[in-house]
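Take a look at the structure set out below.
Where a number appears in this text, it was derived from the coordinates with a stated rule and is not lab data. Nothing here was measured: the structure is a model prediction, and the numbers come from that model. Don't worry about glycine lacking a Cβ; one is built from the backbone with ideal geometry, like all the others, and counts go over all protein chains shown.
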Amino acid sequence: MEYRPLGRTDLKVSAVMLGTMTWGEQNSEAEGHAQMDLALERGVTFWDTAEMYPVAPRAETYGRTEEIIGTWLASRGGRDRIVLATKALGPDDGRFKHVRGGTSRLDRKNLTAALEASLKRLKTDYVDLYQLHWPDRSTNTFGKLGFKPTPNERQTPIAETLAVLGDFVQAGKVRHIGLSNESPWGVMTFLKLAEQGVGPRVVSVQNAYNLLNRTYEQGLAEVSHREDVGLLAYAPAAAGVLSGKYLDGARPQGSRIQLFPQNTRYMTPSGEAATRAYVDLAKKYGLDPVRMATAFVLQQPFVTSAIVGATTIGQLENQFAALETTLSPELLAELETIHHRHTYPCP
């Protein structure tokens, strides 16, 4: 396993990060435990979760993923063997009325409640990385390419949020902080305020990044490079779409898209055309398409870790194996050709 520095800290994290969002919905507690056992066996010591998991989020399962990690820690011990990350959700958009009355913001009251509840479910007294799941302001996240200002929008000032996170670090409940679904402006604002002494320095950004969505390269990649704020890339296989299993309208029984057809981010006509080209290229080189897609992400210099998640042990093993796959210059050149033909089909 390769280990990479987390920001400007002295903490080294595995280049592959274990994603957990299916545990408690598509996966049972026993299956979640088995995945954690396998990850640790393979040297994957960096694990990601969130208070809102599992996905799709609903009141009946809220917090269940963190609880499954907590029971694993209670039964296996060795909290110091893993680098554990979780996330606090941002403003409610109508989907999270079951969380703090549907009024969640990134303010002191909400962040304190979120962290304390996560620590309780995780059965630990600290998290290594505490992330803001999405911004407390209107911006172009979750598939939006363009930015449109929102008149008279309500938002929690970033300085207020950062000060609260600083208190968590001072109390020893959080070691480092990170962002998620953020923009270049957001990351740089957090960094500027940290330089002014408002709170701790951001060490990572968890955004979507894959062959169907390379928008991170547009502005954030330079921020990652110059500021040592690496990407924790989620959906490296585009929610399984890059496997090719959904081509031509196929919906395998028990698959994520079959279970949650509202998850359409990577299910566009342009996305299907691009996926077909990438799958055909993988076949040309004798590669599994998911392994190729994940290896591409891992080879980007601004990536700290690629978050891989799966519902079966076999799927998880395949993504872990991407670390053993080095894409040749010839293959990378052909990937670029496809990218220029199908640019940002699924932002």
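Overview of values
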quantity	calculated
Under 13 Å from K120, Cα to Cα: aspartates and glutamates that are on another chain or at least 8 residues apart	E51, E66, E67
Placed amide H near E51: partners under 5 Å, 5+ positions off or other chain	K87, L89
Extreme residue, positive dipole direction of the stretch 1-74, given options L38, W23, A59 (C-beta unit charges)	L38
Taking F320, F260 and counting other C-beta atoms within 10 Å, the order from fewest to most	F260, F320
Qualifying lysines (Cα of each under 24 Å from Cα of K283; at least 8 residues distant if same chain)	K245
For the stretch 3-206, size of Cβ-based charge dipole, Lys and Arg +1, Asp and Glu -1, in debye	320 debye
Gap separating the Cα centres of the stretch 273-318 and the stretch 158-231, nearest whole Å	26 Å
Out-of-range pairs (alpha-carbon distance over 23 Å; input K87/K173; K87/K123; K109/K148; K123/K173)	K109/K148
Relative packing of peptides 187-194, 238-245, 274-281, 96-103 - highest average C-beta neighbours within 10 Å first	238-245, 274-281, 187-194, 96-103
Extension reserve of the Y285-T343 stretch, reckoned as 0.36 nm per residue once the Cα distance is removed	18.7 nm
